[in-house]
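Engineer: The structure's right below; bear with me while I get my questions together.
The values are calculated or read from the model by the stated rules, or taken from the named source; none is laboratory data. Values in this document were obtained by computation on a predicted structure and should not be read as measured data. All Cβ positions, glycine included, derive from the backbone under ideal geometry; neighbour counts span all protein chains shown. Keep in mind that these areas ignore ligands, DNA and RNA; they rest on the heavy atoms of the full protein, side chains included. Shrake-Rupley method; radii C 1.70, N 1.55, O 1.52, S 1.80 Å.
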4 protein chains.
Amino acid sequence: MKKFQFICDYSEGAHPAILQRLAETNMCQTVGYGEDEFCDSARKAIAKRLGREDLDIHFLVGGTQTNATVISSILKPYQGVVCADCGHINVHETGAIEHLGHKVLALPSLSSKITPEQVDACFADHYGDANHEHMVQPGMLYLSLPTELGMLYSQAELKAFRAVCDKWKAPLYIDGARLGYGLVSPFCDLRIEDLPDIADLFYIGGTKQGALFGEALVIVNPALRKCFRYHIKQNGGMLAKGRLLGIQFGTLFTDDLYFRISESAVNKAFRIRDAFRAAGFEMLSDSPTNQQFPILPDSLLPRFAERFGFEFWQRAGEGLSAVRFCTSWATTDEAVEALVSFIAEIADKK
Amino acid sequence: MKKFQFICDYSEGAHPAILQRLAETNMCQTVGYGEDEFCDSARKAIAKRLGREDLDIHFLVGGTQTNATVISSILKPYQGVVCADCGHINVHETGAIEHLGHKVLALPSLSSKITPEQVDACFADHYGDANHEHMVQPGMLYLSLPTELGMLYSQAELKAFRAVCDKWKAPLYIDGARLGYGLVSPFCDLRIEDLPDIADLFYIGGTKQGALFGEALVIVNPALRKCFRYHIKQNGGMLAKGRLLGIQFGTLFTDDLYFRISESAVNKAFRIRDAFRAAGFEMLSDSPTNQQFPILPDSLLPRFAERFGFEFWQRAGEGLSAVRFCTSWATTDEAVEALVSFIAEIADKK
Amino acid sequence: MKKFQFICDYSEGAHPAILQRLAETNMCQTVGYGEDEFCDSARKAIAKRLGREDLDIHFLVGGTQTNATVISSILKPYQGVVCADCGHINVHETGAIEHLGHKVLALPSLSSKITPEQVDACFADHYGDANHEHMVQPGMLYLSLPTELGMLYSQAELKAFRAVCDKWKAPLYIDGARLGYGLVSPFCDLRIEDLPDIADLFYIGGTKQGALFGEALVIVNPALRKCFRYHIKQNGGMLAKGRLLGIQFGTLFTDDLYFRISESAVNKAFRIRDAFRAAGFEMLSDSPTNQQFPILPDSLLPRFAERFGFEFWQRAGEGLSAVRFCTSWATTDEAVEALVSFIAEIADKK
Amino acid sequence: MKKFQFICDYSEGAHPAILQRLAETNMCQTVGYGEDEFCDSARKAIAKRLGREDLDIHFLVGGTQTNATVISSILKPYQGVVCADCGHINVHETGAIEHLGHKVLALPSLSSKITPEQVDACFADHYGDANHEHMVQPGMLYLSLPTELGMLYSQAELKAFRAVCDKWKAPLYIDGARLGYGLVSPFCDLRIEDLPDIADLFYIGGTKQGALFGEALVIVNPALRKCFRYHIKQNGGMLAKGRLLGIQFGTLFTDDLYFRISESAVNKAFRIRDAFRAAGFEMLSDSPTNQQFPILPDSLLPRFAERFGFEFWQRAGEGLSAVRFCTSWATTDEAVEALVSFIAEIADKK
């Protein structure tokens, strides 16, 4: 019997429109390193969609690379980056931030989210200590949107983070590895064009959103743009054939393909979520995006695993595991239906 | 009225015997960088006191420098150091470990101590994760002895840490900034000569134990000795007039001065602790060493501060502060008596 | 009039066979991070071509990233990497090696090559100095093959480098960004299957050899393999859709496509070289590979630039510039003929 | 027969006035980390001598530490420090600059000096290259005064360096490990009070100038002062008993002791230089300061070495060695006379 993958949102190649565009442009000759016309055109398309002209946009290959390059470009040697304890940079990037010299100042999160009040207190505590130069100075804020558990911050929350960052003169950076899946969610009150007012910089994820690879970094704050291409090159993130990134993002930002891809994936994720809930399973988080985290009895895991790929996430009590099911542009209706039926079947037998 | 300092154990210069020895040797000509006869002789005296000949002993100037040099000399780029969340390297060294590229893997502590079980779980969790290469690998263990709240680990606890480290092939390093104050405590079942069997490396603190400055690093494990002098030099820790460290440690390890200094300080600390307890004050930790952490009502702090120097440590509930009183070789009976009387007086008025 | 690019060997997309294979496999579902079947199969194909089974092969995205990851994975903090002063890591990687903490120990080169004697002297000088711990210890050797000026080392030279490295117990690493163009040269007495006997590790370049991107790192020496995937991830080089690298290298190593591409490019480069020589121009180096460096009067540069893309390399005397013309899999006969005719025409008018 | 040391200027302890002052202040209680009254007072004394009030002065323990802390506090990750190829940071600090992430951009020196024109060209070349973001950006200038061969830069030269640095907006930093020996030289047209007009920051060496240890860093440029104490602490340079540095520099800057020490040493160095010259020996450099570098036949080295300590510096032709003789505050007339007689005796026998 056919096995369907929900293990992540990067199990296949690229959206067909991207592959086709790569083929069409294959023999065009361009200069390297992202200074070609495809990149220029993609930068313009993104800026237009963001409703702003004065943006500095760079294309990098992957998320860990983008995070490490951005964060180390901003912080002074004695500064750290504030983030949620479950933040990707704190857990799943092999210490890339520390590798480049900076402490991650992790705050305890609730369902993967932190609050503006926590961030404010982190700065206040630091400067309140008489010996603060013996401690790492908080230097910027990192937020994931959606978070690692698929959660969203509201406009109001984000504006409050912005106010805290303004108060302490600290840049706010948003990791948008799955940005599209967040923005299209019916539970999201944020539009992509709001982001330049909230974040000093953010990246629009491509890898998990239908590209072969690639992330589009948007630097809003002019003070953070200086010599950024040196940082990219030094950190090994400057693709020789930079055009590949321009071609991909140009395609994603033509006719809102980026958002159409996301919407379809989120709808499928909701069908899966609803099926789990209908079958009486709890969810680890109330995720309104393309990642869903049902809590399953360990005894059921092998049966699920026979038919479907998914990822173990964490223990969730005696005999219970939270697991992750992801959807993407490549998730088929056939796969969703197979999963939904299987869940219902399981529920009946309980 | 005279004000007495208990703010730390490094408020004065050096023990008079050290100053005298520096004066006596001042015009001797030696080679630099710790390769002189005074250093050799101090190394021999320490090795003798440790009951072992096969030790590699280096002198460094300060604790942060020693910790950063040792830890970065051991870890691979992708490894981190396991320690208590309140560990000095995690809190009060301005991120020196991260500055050199490594994450501090902080474990929650109870009264500043962690357990061998926690450390074992930290390693097991790492290797148990299928994607462990996406996470920082625990590479060694850092313990403070005494801890940041003046607490001690027992022989049994230390042997259990040793066993965990052996199990995971991870070096065990002990920060002994206040080692003497721990070893002489009546609550300590450890002798200095036990340390080489427990730790792969440890340092014997001088700065807080009567020297002008200086820490004696003992590398027990031959595998960790290679080219260590390069590490010291590269990290700015190789004193040109290295002899100064040899002279100081030579003096401290003549006639057990190091231990006599410590014993006197701990006895004085106990008189202070007893006075606080007799007056009905709680202590933040049950410290058996030269640092004592009474919990005082905020309203009393200004009155104490008029007469005595001490350090604010942390909030300890509504209207309560934990503060630190330290003793050292330089603490006078007069100072202790003044404090003890003052505490009793305060208590009477309550 | 049509303009032809010879500016570099990465002006176009990918060899058509690669694009086709990407399209064919696009909807296959695989796990991420290079642990999929396409990568496995590519690793096997490369190992087979190298005639060895016991090799550790990793795929990375780009050359700077590969060099920095490899070199920083090998060196101790106090060690540096020995290389030619014109070495790519010393000049054109924005200090990526230093960024990760290591000095590049640059040796003066002749026509971009260094000698085994120079390397031997570098090690001998270091250890011969009484205060060698005050200096960076040479820790490994980096060679480019072909070099930055398109030159080759002979079997004999490489064996002598190997002997020097064995003498000083230092790993030998070869940067093969353009390895294929070197191996197919009629002036090369080395076969790809000789490399594992010479180098501790080397990479087979893809970016400049017909792939969209990607480099295949071969770790021969088992001692250098440990936890290498952590290094890749930490340095931002672990592609989520790692399969893309497997698919590309699998294609390049099917039916020796890698070598056929290289051969065609080198033949075209020779036609260009011969034309320049016939026209009486000197060459900066006697390059037997796909990069050619004619020395042109500055007055001719604008005329060349109207018709052809090429890169300024360096001043080469009063009024003279050395420039670079590159060929690749994508260079057409039409382009070569246009250039050859143009050179002849220029010569006639001189 | 008594052997006299000329091997370096840090063979003894401290100038007696310093030791005495340490003894007098030993039991004073102060706060730690350089915020005590002794440090304040020393800062005032230095500022007064420099004729400027608006200076930021910090005390660090050693030269390598000071250089690494300063340089890494200034440079962006992609920047390097320009210096002479024989600069201390390039040769004798075990790559401490690279360890903290930055390339040393070494310029060829003549008799240990570089020129403003070379520095200007270094910046111009960088920005002149179309792909400059692929190269390390020169970010500041490091000069030693005196240089590693005891040489001096003139006012005019220093002003020209200043102008180049202004042109490229790059800080100018002077390593004054032996500053006093330079300033008192009859060949020096610079006064210490000129330094704040020339350098953005510089340090006044103590270790080699009569202190037990310690360097006084003067930050002139307000833009470079921000959070500097964090840098010191993070790099392990913040002495717990910071008072020791204040006491020493306070003493050195009382009644111009610093300059009197230097003058005496330079006079003695000149007697030695004159003796070598009178005896017909060449000097490696025309040093007008306390380090002298005679070139001796290798055959004479053992005879010198029987009676005097000196340091081998470098080969200086077939059968010839350049060696270094240093004087300091501790060099006795007896020692100088013994050496001068010995040289004359050698010369007679030639």
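Engineer: Closest beta-carbon to the C-to-B rotation axis: which chain C residue owns it, and what is the separation in whole Å?
Structural biologist: In residue-and-Å form, the answer is C:GLY101, 4.
Engineer: Now for a separate question. Give the relative contact order (percent, whole number) for the stretch B:89-165; include only Cα pairs under 8 Å separated by 6+ residues.
Structural biologist: Normalised by residue count, the contact order of the stretch B:89-165 is 30 percent.
Engineer: Would you kindly derive the ³J(HN,Hα) couplings of the stretch A:91-104 from the backbone phi angles with the Karplus curve 6.51 cos²θ - 1.76 cosθ + 1.60 (θ = phi - 60°), listing them in order in whole Hz, with x for Gly and Pro?
Structural biologist: Working through the residues one at a time gives 10, 10, 10, 6, x, 4, 5, 5, 3, 9, x, 10, 7, 8 Hz.
Engineer: Here is a follow-up. Treat every Asp and Glu Cβ in the stretch A:38-179 as -1 and every Lys and Arg Cβ as +1, leave all other atoms uncharged, and give the resulting dipole magnitude about the Cα centre to the nearest 20 debye.
Structural biologist: 540 debye
Engineer: Shape of chain A from its Cα gyration tensor (a ≥ b ≥ c, root eigenvalues): rounded if a/c is under 1.5, otherwise prolate when a/b > b/c, or oblate?
Structural biologist: Here chain A falls in the oblate category.
Engineer: Here's a follow-up. Name the longest site-free stretch of chain C, where the excluded sites are GluC sites (Glu not before Pro) in a DSSP loop with no more than 11 other beta-carbon atoms within 10 Å.
Structural biologist: Counting at most 11 other Cβ atoms within 10 Å as exposed, the longest clean stretch of chain C is C:54-317.
Engineer: At most 10 other Cβ atoms within 10 Å and a DSSP loop assignment: could you name the trypsin sites (Lys or Arg not before Pro) in the stretch A:164-260 that fit?
Structural biologist: Sites meeting the loop and neighbour criteria: A:LYS169.
Engineer: Using Cα pairs closer than 8 Å and at least 6 residues apart in sequence, work out the relative contact order for chain C, in percent.
Structural biologist: 25 percent
Engineer: Still on this structure: For the pairs A:LYS76/C:LYS76; C:LYS103/C:LYS208; A:LYS233/D:LYS226; A:LYS44/B:LYS76; C:LYS2/C:LYS113; A:LYS76/D:LYS159, flag any whose C-alpha to C-alpha distance is greater than 32 Å.
Structural biologist: A:LYS44/B:LYS76; C:LYS2/C:LYS113
Engineer: Would you mind listing the distances between the D:ASP166 label point and the same position in each other copy? Use 7 Å along Cα-to-C-beta, nm, one decimal, shortest first.
Structural biologist: Spelled out, the distances from D:ASP166's label point are 3.9, 6.1, 6.9 nm.
Engineer: If each DSSP helix of 4+ residues adds -39,500 (n - 2.57) and the sum is divided by the residues in chain B, what number results at 222 nm, nearest 500 deg cm²/dmol?
Structural biologist: Calculated at 222 nm, the ellipticity per residue is -12000 deg cm²/dmol.
Engineer: Apply the a/c threshold of 1.5 to the C-alpha gyration tensor of the protein assembly as shown and tell me whether it is rounded, prolate or oblate.
Structural biologist: In terms of gyration-tensor shape, oblate.
Engineer: Mean-square fluctuation check for chain A, GNM, Cα pairs under 10 Å: which of A:PRO116, A:PRO171, A:PRO297 is largest?
Structural biologist: Fluctuation is largest for A:PRO297.
Engineer: List, shortest first and in nm to one decimal, how far the label point of D:LEU300 (7 Å from Cα along Cα→Cβ) is from its counterparts in the other copies.
Structural biologist: 5.8, 7.7, 9.3
Engineer: Mind checking the dipole of the protein assembly as shown: about its Cα centre, +1 per Lys or Arg Cβ, -1 per Asp or Glu Cβ, Debye to the nearest 20?
Structural biologist: Dipole of the protein assembly as shown, to the nearest 20 debye: 0 debye.
Engineer: So, in Å, what gap is there between the alpha-carbon centers of the stretch C:290-324 and the stretch C:121-182?
Structural biologist: The stretch C:290-324 and the stretch C:121-182 have Cα centres separated by 31 Å.
Engineer: Over the protein assembly as shown, what percent of the accessible surface lies on carbon and sulfur atoms, probe 1.4 Å?
Structural biologist: 52 percent
Engineer: In whole angstrom, how far apart do the alpha carbon centroids of the stretch B:192-225 and the stretch C:45-119 sit?
Structural biologist: Centre-to-centre (Cα) distance: 37 Å.
Engineer: Is the stretch C:24-133 rounded, prolate or oblate when judged by the Cα gyration tensor, a ≥ b ≥ c being the square roots of its eigenvalues, rounded requiring a/c under 1.5 and prolate requiring a/b larger than b/c?
Structural biologist: It is prolate, given that a/c is not under 1.5 and a/b is the larger ratio.
Engineer: Something else now. From the label point of B:ASP40, set 7 Å from Cα along Cα→Cβ, how far away are the matching label points in the other copies, in nm, ordered shortest to longest?
Structural biologist: With the label placed 7 Å along Cα→Cβ, B:ASP40 yields 4.6, 6.1, 7.2 nm.
Engineer: Which trypsin sites (Lys or Arg not before Pro) in the stretch A:1-106 sit in a loop by DSSP (not H, G, I, E or B) and have at most 14 other Cβ atoms within 10 Å of their own Cβ?
Structural biologist: Here the trypsin sites (Lys or Arg not before Pro) that fit, given the DSSP loop and packing criteria, are A:LYS2, A:LYS3.
Engineer: In square angstrom and rounded to 100, what buried accessible area do you get between chains A and C, total over both, with the probe at 1.4 Å?
Structural biologist: For chain A against chain C, roughly 3900 Å² becomes buried.
Engineer: Along the principal axes of its C-alpha atoms, what lengths does the stretch B:257-349 span, in descending order and rounded to whole Å?
Structural biologist: Answer, in whole Å and largest first: 43, 23, 21 Å.
Engineer: Averaged per residue, what accessible area in Å² does the protein assembly as shown show with a 1.4 Å probe, protein chains only?
Structural biologist: Accessible surface, normalised per residue, equals 34 Å².
Engineer: With +1 assigned to the C-beta of every Lys and Arg and -1 to the C-beta of every Asp and Glu, and no other charges, what is the dipole magnitude of chain C about the Cα centre in debye, to the nearest 20?
Structural biologist: For chain C, the charge dipole is close to 480 debye.
Engineer: Return the residues of the stretch D:101-139 for which accessible area with all protein chains present is lower than in the chain on its own by 20 Å² or more; set the probe to 1.4 Å and exclude ligands, DNA and RNA.
Structural biologist: Those are D:GLY101, D:LYS103, D:ASN131, D:GLU133, D:HIS134, D:MET135, D:VAL136, D:GLN137, which lose 20 Å² or more relative to the chain on its own.
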